[in-house]
Structure formats: C-alpha cells, structure tokens
C-alpha cells in the first residue's frame, strides 16, 4: 500500500482513571493509520504511541477480535459499535472513516454498566441476569438419541436467531432509556422456544425480568434502536415474546 | 397475595403493558369524541341535543370517573417511567447519534408530545366543559348552548392555531403509541405488525385532520 492512503485522524477519547474519579474527553491526533486496520488496531497504534511517550494507554475491552465474543464495545461517534450495521467494533475497519475525520470514542453508558477505566465498563449486570434464570437444568450423562426430542424447524431457527446474542451490551448503550430488554428477551427466547426450556419457562421469565429491574436498567419504549445497533441483528420480536410470556407467567403465578 | 400481585404490577414489563392498554382505550375515546363532535357540522340543534343527552344521563358520572382513571393512570405511569428512564443513564453521552434504522421522530418525542396533550387537555376542559354557559331552547327543551361556547372560542385565530398545533402533537403521539401498545402487550407477527404500524399512522391522520377541521369550521362561522 502506498503511504498516501494512510489516514490522519483526530480522536476525542473518554479518559477516566477509575470508577470513582470524574472523566473527561481528551483530544489526540494520530497519523499513519492503514485503512485496512480495524478500529481496535487503530487504538493499539495510539496506545503504542502513548506508551512510547511515557503516557498511560487507553484502556478498552477486547478479546477474540473476530466479532463473536461480545467483549468489545465503544460508542463511536455516538453509535454503539460505530456506524456499520450488524458489525462489532473489532470488525469495523478504518476505511469507513475519512482522512482528517474527528472520531469521538466513549464507553457504553448505563447506571448498570459502571465505567472501570477509560473505555472499559463492568457488564457483571448481564451475568447476574443470566444467573437469575438464563439456563436449563438437564441430566448429565450419556447424550440421548438425536431427534428423540422433536423441535419444529421454525422454532429451531427462531431460537438460533435469539442465541446469536453475544451479550455485548450495545442494546443497552444505544437505548435512550438504557433498557436491557433486547438482551434479556433474547436469552429468555433462546430457551423458551425449545422443549428443553419449557419446564422452567415461567420461573425463568419472572426471575430474569425482576433481576433486570432490580439492577436499574430503564424501561423499553419500543423505538428499536437496540435492534438497529445490535451487531447480531437480534429482532425486537423477542421483546414482544418476553412481554407476553411475562404477562402469562404473572397471571398464572400462585405466589 | 396482594404483595405478590403488586410485585408483578410494578415490574417494568407490566407498567408498559398498562401504558399500552390505557393508551388504546384513550384511542377509543378519541374516536368516539371525534364522531360526537362531527355533529357540529349538522348545526346547533343536533350538537346541543347530543351534548344535553350525554350530560343528563346519570351514567355520565360513572363514564367520566372511568375516563379520568384511564387518563390519570396513563399520565402517572408516563411520569414514573420517564423518571426511571432518565435515572438509568446518569452520565449522558458526549455525542449521541441515532442509527436511522430504529427510532422515529414520533417515538423519540413521546414525553414531549404527551406534555403538550396534557396542557391541551387541561385548557380544553376549562374552555369548554367549565367554560362560558349559554342557554338555548331546542324543541321545547332548555339546554346549554355548548355550540355557541365552541364557536365563540374559535373566533380567535390564535385559539385555532393552538388547537391545530396540539392536534398535530396528538397525531404524532398516537402514530407511535398505537403499534407500540401492541408490542408492549406482546403481540408481534411478521405480517400483522407492519399492518398495525400502518394502521397507527392512518389513525393519527384521521385524528389530526378530523379534530383540526372543527376549529376551522367554527372560525368560518364568523362572530355573532
């Protein structure tokens, strides 16, 4: 690649020492960025430069860098995982930005997702919701015969679509109410659509919604910004399913 | 028993479902009120007789109490939900941009259009229900000349403009609220959800145009 393709960028990055101190937006200018670099690789280059200068590098979450682990986050120019539809930050490439562009980078913000340092957030709230009911109890031992439990093809597809959720939290970050409804509904749906998930379906939806409320996420206003920002394209039809499952479970509840 | 029912009733999901159901009931009220108002086009006798029949029926107090409960529930829950939603993100974004693939103007302005409708509702009751009282006799029966109260009020162009402005806000509010109510209750279907979104917009246009036509009609009646 010829060097005249390389990008020079003005970055406005949220810097915050820890979850106690107040943070602020800090300006950086970086050059020599390849258009083929991923967004995280661009931040790696910035951090190498900061370290070489004896400064504190920018802390950010990342792991697989293949778009499947759900660790990377970032609000890029005010959009969760940046401007590309159904793309995680690690799969976002710098060719999507113009030379000389100003890019604002902030952490996902919600009361339930406190900032740990710079762009790193604590998403333990999602683990707490899963622990409250996002599982099935099954007997361990030998696997049973394939197809001994019949699943309608359509339900299998819908459950797989819901199971595509990587739990990154983009739904919460992009929602103006910081609501976790898309995440919780995907986790409820992936199990409630299958026979194995039916046994605990009512308890699951009641417990997971109650945990979600307790953790301080906002209420859904059906704007679908979550669906639009979801790197896995999870549909808000899952939210409707959870709404009716919850209503039915609440009406039938004997406690 | 009561505490457990309260536990479910105060969950985020059920609060939204109550918002949706009360909203749909209010849509029903909007339609019936609009149809009643259209009697104005038939002249003072038809409209005054209709209003007289309504207010002299003893059941009107029950109907008004139910309607007031629906309104207050919808407004009270809206205030609570909006408060909780603001609290869920204490630190706002430095830059926030919509994807353009989700939120609409109507969906993102629900609390504001709601406030405009609330202000309108209060003024509307003061101006008409508790407004100037005139007496007229139709077919030998003495009754309130509400027709005159309405026509007199709309002689001011500012009153007409304010009314239409509020009806536009109302239309925007129901254009999102209508289908959103079904989503909150849990109704979602690959075919019918699109239809409901469409129906919500048609309903919004009917409400806005239908209600806005009345003050223009009254203004054109001229002063007495």
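Relative to the dominant Cα principal axis of chain A, helix A:181-192 is inclined by about 40°. Between residue B:87 and residue B:209, residue separation times 0.36 nm minus the direct Cα-Cα distance comes to 40.2 nm. Quick check for you: which residues of segment B:5-49 have the amide N under 18 Å from the point 7 Å beyond the Cα of residue B:133 toward its beta carbon? Backbone N within reach: B:48-49.
For the pair residue B:112 and residue B:194, the difference between a 0.36 nm per residue extended length and the Cα-Cα distance amounts to 27.0 nm. From the Cα gyration tensor of segment A:123-252, with a ≥ b ≥ c the square roots of its eigenvalues, which class applies: rounded if a/c is under 1.5, or else prolate if a/b is larger than b/c, or else oblate? Prolate, since a/c reaches 1.5 and a/b exceeds b/c. With each label modelled as a point 7 angstrom along the Cα→C-beta vector, the residue B:21-residue B:69 pair spans 1.2 nm. Shape class for segment A:1-116: oblate, because the ratio a/c of the largest to smallest gyration tensor axis (alpha-carbon atoms, square roots of eigenvalues) is 1.5 or more and b/c is at least a/b. How high is the relative contact order of segment A:123-252, in percent, with contacts defined as C-alpha pairs under 8 Å that are six or more residues apart? It rounds to 34 percent for segment A:123-252.
Distance between the modelled labels on residue A:153 and residue A:48, one decimal in nanometres: 5.0 nm (7 Å Cα→Cβ projection). At full extension, residue A:252 and residue A:101 could sit 48.8 nm farther apart than now, given 0.36 nm per residue minus the alpha carbon distance.
Over chain B, all Cα pairs binned in 10 Å intervals from 0 give whole-percent P(r) values of 7, 27, 31, 21, 10, 3, 0, listed from short to long. Both radii were evaluated on the Cα set of the protein assembly as shown; the Rg over Rh quotient, with Rh as the Kirkwood radius, amounts to 1.08.
For segment A:127-146, the residues whose amide N sits under 17 Å from a probe point set 7 Å from the Cα of residue A:199 along the beta carbon direction are A:133-145. Taken as Cα centroids, segment B:124-182 and segment B:53-98 sit 21 Å apart, rounded to the nearest whole angstrom. Taking a ≥ b ≥ c as the square roots of the eigenvalues of the Cα gyration tensor, an a/c ratio of 1.5 or more together with a/b larger than b/c marks segment B:55-136 as prolate. Take the Cβ atoms of residue B:54 and residue B:202, set R0 to 25 Å, and the FRET efficiency comes out at 0.35. For chain A, the longest principal axis of the alpha carbon atoms and the long axis of helix A:237-252 meet at an angle near 40°.
If the elastic network links every pair of Cα atoms under 10 Å, which of A:178, A:156, A:201 fluctuates the most in the Gaussian network model of chain A? Of the options given, A:156 has the highest mean-square fluctuation. Relative to the longest principal axis of the Cα atoms of chain A, helix A:39-52 runs at roughly 50 degrees. Comparing B:213, B:68, B:79 in a Gaussian network model of chain B where C-alpha atoms under 10 Å apart are linked, the largest mean-square fluctuation is found at B:68.
Values quoted throughout were computed directly from the atomic coordinates according to the rules given, and no laboratory measurement underlies them. A quick note: this is a predicted structure, and the numbers were derived from the prediction, not measured. Because the Cβ atoms are built from the backbone with ideal geometry, glycine has one as well, and the counts that use them run over all protein chains shown.
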